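Student: Okay, here's the structure, questions in a sec.
Only the coordinates and a few stated rules stand behind these numbers; no lab work does. Here the structure is a predicted model, which is why all the values come from computation and not from measurement. All Cβ positions, even for glycine, are placed from backbone atoms using ideal geometry, and neighbour counts span all protein chains on display.
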Amino acid sequence: MWLKPWLKLLLKGSCSLLFTSELLQQPELMAASAMALRCLAISALFAGCWSYVKHVKCGDTLGPSCHNAFDHATCSTGGACCHDDFHAWCCPEHYTCNGHHHGIGDCYSPQDDHGDACTCTQTEYEMIDMIPDGPVTVDSSWESDLSACCSPEDASCGVTQMQAKSNSQSVTWSDAAQVGSSMKYNVEVGPAFKLGFGFHAQETFTSGQTTTTSDGTPIQAKCTCTSAKCDESGSIYFLDYKTNLVSLSQPVKIRAKMCGETKTVKGMVKVHQYNGEFKCSIEKMKNWAQCQAKEGGR
């Protein structure tokens, strides 16, 4: 009679058939009863009668989900959902499943002891932030841009055109041996850089590398050999069109992380911007050969 309560508990809410101990006492029905019980157990599992022992929920729970017969896990955005035969767990962003849980934890962070549960896939540091670490320094310089050799007989000789000058920026850090010469940066979710001047975020920063930014400065260039400036007939004049470049620099502290480890290194941020100013320098030459030699040296 000891089988009767166990059978009723197994089949409750899952089946319309009730097996009794009297039924099982009939030898010809024993095999059929065993087969029926096995089928009912499998059917109950897939019909929703089974409930997971544990539901692991990590972070914002907007990432991947996974499960086995015992655990169900829902992970955070960017993470990885993992399971073995008995456990389900979540690895953080930049980590992949290693397939072995060992019961250490469920919602792993990069700082946790992952054992064999998660493996970091990062190969270079990710820049977290750049924090000002000193005052802004401003330098201004005139750069030779376009040049020409002219005579007073050709009043149209020189430079007359609209220019779109591109601005640029660079970041340099001191200890490349610690964090490498290149860093990734999450443009979409990374914090805005709070520097003393405008600076553009980009997906990859390479120490010491200057990159052109998306903004620019339109300049109407005009440097011609007019009669007021080139007044000696038969002479040769060298025309040098120059633009004004403003360079801003600021020391910073760069915070970078990889595989849960955060490091801080000193660095320098520079931007180079054209302010729209220009000037026309005219110099008298001895002959064409001297003028052309100077023009070629620019």
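Student: Along the Cα→Cβ direction, 7 angstrom out, place labels at residue 282 and residue 137. What is the inter-label distance in nm?
Tutor: 3.8
Student: If we count other beta carbons within 10 Å of each Cβ, what is the order of 112, 240, fewest first?
Tutor: Least to most surrounded, the residues fall as 112, 240.
Student: Set the Förster radius R0 to 41 Å, insert the Cβ-Cβ distance between residue 154 and residue 264 as r into 1/(1 + (r/R0)^6), and round the FRET efficiency to 0.05. It would help to have the intermediate numbers written out before the result.
Tutor: Numbers: r = 61 Å, r/R0 = 1.48.
Computed FRET efficiency for residue 154 and residue 264: 0.10.
Student: Another question, then. Considering the zone a paramagnetic label at residue 275 would reach in this model (a point 7 Å from Cα along the Cα-to-Cβ line), which residues of the range 243-257 have amide N under 12 Å from it?
Tutor: 244-248
Student: In the range 238-298, which chymotrypsin sites (Phe, Trp or Tyr not before Pro) fall in coil by DSSP and have 14 or fewer other Cβ atoms within 10 Å?
Tutor: none
Student: Ok, one more. Working out 0.36 nm times the residue gap between residue 121 and residue 222, then minus their Cα-Cα distance, what length gain in nm do you get to one decimal?
Tutor: 30.9 nm
Student: Next question, about the same structure. Place the peptides 248-257, 213-222, 87-96, 127-136 in order of packing, highest mean first, counting for every residue the other Cβ atoms within 10 Å and averaging per peptide.
Tutor: 87-96, 248-257, 127-136, 213-222
Student: Please give the FRET efficiency for residue 187 paired with residue 255, using the beta carbon to beta carbon distance and R0 = 22 Å, rounded to the nearest 0.05.
Tutor: E(calc), rounded to 0.05, equals 0.85.
Student: Say the cut-off is 24 Å between C-alpha atoms; which of 165/266; 229/279; 194/266; 57/263; 184/253; 229/294 go over it?
Tutor: 165/266; 57/263
Student: Also, I was wondering about something else. Can you tell me the FRET efficiency between residue 84 and residue 201 if r is taken as the Cβ-Cβ distance and R0 is 45 Å, rounded to the nearest 0.05?
Tutor: 0.70
Student: If each of residue 144 and residue 178 carries a label point 7 Å out from its Cα toward its Cβ, how far apart are those two points in nm?
Tutor: Here the answer is 4.3 nm between the modelled labels.
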